[in-house]
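Worksheet: the structure to be examined is printed underneath.
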Amino acid sequence: MFGLSPWELLIVFLAILLLFGARRLPEIGSSLGKGIREFKDSIKDVEAEVRGEITGTPESSPTAASEKEPAKPQPSADA
């Protein structure tokens, strides 16, 4: 697995545990997971844009639809 033996992986895990502590590891894992999720979503959006440009029809994606929608004017407070 990745050219590392199980003993080497254990040593790496223990070093990370010593550096960050047991409390910070779940936070680091959570933020890493969110970052990966956002990256995958952005990749899907880019792929949908490219497919839409190739085929000539825009693919519908939640972020693409909200970006193309014009902003509604806010009512002024002094009126």
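The values are calculated or read from the model by the stated rules, or taken from the named source; none is laboratory data. Source: prediction; values computed, not measured. Heads up, the Cβs are rebuilt from the backbone with ideal geometry, glycines too, and the neighbour counts pull from every protein chain shown.
Is there any pair with a first residue in segment 25-42 that is without any contact (Cβ under 8 Å) to a residue 60 or more places away in the chain and a second that is surrounded by 10 or more Cβ atoms within 10 Å (Cβ to Cβ) whose Cβ atoms are under 7 Å apart and which are 6 or more apart or on different chains, and what are they?
Once the first residue is without any contact (Cβ under 8 Å) to a residue 60 or more places away in the chain and sits in segment 25-42, its partners that are surrounded by 10 or more Cβ atoms within 10 Å (Cβ to Cβ) give 25/17; 28/20.
For segment 39-54, does any single residue satisfy the condition of being loosely packed, with under 10 Cβ neighbours inside 10 Å and modelled with pLDDT under 90?
Yes; the residues of segment 39-54 include at least one that is loosely packed, with under 10 Cβ neighbours inside 10 Å and modelled with pLDDT under 90.
Of the residues in segment 6-15, how many are modelled with pLDDT of 90 or more and surrounded by 10 or more Cβ atoms within 10 Å (Cβ to Cβ)?
Start the filter on segment 6-15 by keeping residues that are modelled with pLDDT of 90 or more, which leaves 7-8, 10-12, 14-15.
After this cut, where a residue has to be surrounded by 10 or more Cβ atoms within 10 Å (Cβ to Cβ) as well, the list is 8, 10-12, 14-15.
Of the residues in that region, 6 qualify.
Test residue 67 against the criterion of being among the acidic types (Asp, Glu), under 25 Å from the mean Cα position of the chain (by Cα) and either at pLDDT 90 or above or part of a loop (DSSP other than H, G, I, E, B) (or both), and give yes or no.
For residue 67, the condition - among the acidic types (Asp, Glu), under 25 Å from the mean Cα position of the chain (by Cα) and either at pLDDT 90 or above or part of a loop (DSSP other than H, G, I, E, B) (or both) - is not met.
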